[in-house]
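See structure below.
The values are calculated or read from the model by the stated rules, or taken from the named source; none is laboratory data. Computed from a predicted model, the values in this text were never measured in an experiment. Methodologically, a virtual Cβ is constructed for each residue, glycine included, from the backbone with ideal geometry; neighbour enumeration extends over all protein chains shown. These area figures cover heavy atoms from the full protein model, side chains too; ligands, DNA and RNA do not enter into them. Shrake-Rupley method; radii C 1.70, N 1.55, O 1.52, S 1.80 Å.
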Amino acid sequence: NLAADLLRHPDFLRVFAGRFLLALTYSLVATYLLYLLEDYLGLSAGEAAAFAGLVLVVVLASSAPAMWIGPLASDRIRRRKPSAAGSAALMAAVLAIPLLFPSRGAVLVFAVLFGLGFGVFNAVGDALATQVLPQGRERAGRDLGVLNIAAALPQVAAPAIGWAAVSLTGGYAGLFMLGICAAAAGTWAVTGVRSGR
């Protein structure tokens, strides 16, 4: 059973939690990006739609090389955990940029840095995950499938969680604050991994 496996293998649980929380952070931003630009930045519907497309392109463009460079760097130092935790911390930190400086320029700076962090975390996090599988190679396919749940579930949950954050805080600034908390918690989870390097 999945819950029992997670509880019996704390490092696997930590990697699962880190992946879930970082995927949630990304999903919150991506899901509500149009509304963030309209209501938080004050753009018109047309401007927000055009700028949202640009922001997503920038995030993807910066994450693509990061997914290649990040693993190379972690291979060189022969350690996965610092790269995974550092990229998660970067994602948490840069969410403060549009929160503190609500402007188009600040959002673009955020998009570049957020994409870098997300790209490195995805690539290096996968490598770290292979080091903490409960059954090693015997059930690697099943256990990696379980970790994929952690990446997919936030895409379903983000709309409801984001709506709750906006409702409770009375504005879209609550999404940034929730994202910072989620990414910081994901950083803490990955930092706590003991069996992986």
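If a residue must be in a helix (DSSP H, G or I) and of a type in the set (Asp, Glu), how many such residues does segment 119-175 contain?
The total comes to 2.
Restricting the search to segment 111-124, which residues are open to solvent by less than 10 Å² (accessible area, probe 1.4 Å) and not β-branched (Val, Ile, Thr)?
Passing the criteria: 111, 114, 115, 117, 119.
Please specify each residue of segment 153-177 satisfying the condition of being open to solvent by 50 Å² or more (accessible area, probe 1.4 Å) and either within 24 Å of residue 134 (Cβ to Cβ) or of a type in the set (A, V, I, L, M) (or both).
The answer is 153, 156, 160, 161, 168, 177.
Filter segment 178-197 down to residues that are open to solvent by 30 Å² or more (accessible area, probe 1.4 Å) and either charged (D, E, K, R) or not in a loop (DSSP other than H, G, I, E, B) (or both), then give me how many there are.
Number of matching residues: 9.
For the structure I just gave you, tell me whether residue 90 is of a type in the set (A, V, I, L, M), surrounded by 18 or more Cβ atoms within 10 Å (Cβ to Cβ) and more than 21 Å from residue 161 (Cβ to Cβ).
Answer is yes for this residue.
List pairs: first residue in segment 71-99 and in contact (Cβ under 8 Å) with a residue 24 or more places away in the chain, second residue buried (at least 23 other Cβ atoms within 10 Å of the Cβ) and not in a helix (DSSP H, G or I) anywhere in the structure, Cβ distance under 9 angstrom, at least six positions apart or on different chains.
71/80; 74/80; 80/193; 81/193; 84/193; 85/193
Quick test of your reading of the structure: residue 102 fulfils all but one of (1) open to solvent by 10 Å² or more (accessible area, probe 1.4 Å); (2) part of a helix (DSSP H, G or I); (3) in contact (Cβ under 8 Å) with a residue 12 or more places away in the chain. Name the failing condition by number.
Among (1) open to solvent by 10 Å² or more (accessible area, probe 1.4 Å); (2) part of a helix (DSSP H, G or I); (3) in contact (Cβ under 8 Å) with a residue 12 or more places away in the chain, the lone unmet condition for residue 102 is (2).
Write out, first by first residue and then by second, each pair whose Cβ atoms fall under 6 Å of each other, whose residues are 6+ apart or on separate chains, and whose first residue, in segment 164-179, is in contact (Cβ under 8 Å) with a residue 12 or more places away in the chain and under 15 Å from residue 38 (Cβ atoms) while the second is open to solvent by 50 Å² or more (accessible area, probe 1.4 Å) and part of a helix (DSSP H, G or I).
172/39; 172/40
Where residues in segment 32-60 are under 17 Å from the mean Cα position of the chain (by Cα) and open to solvent by 60 Å² or more (accessible area, probe 1.4 Å), which of them is nearest to residue 195 (Cα to Cα)?
Restricting to residues being under 17 Å from the mean Cα position of the chain (by Cα) and open to solvent by 60 Å² or more (accessible area, probe 1.4 Å), the top hit is 60.
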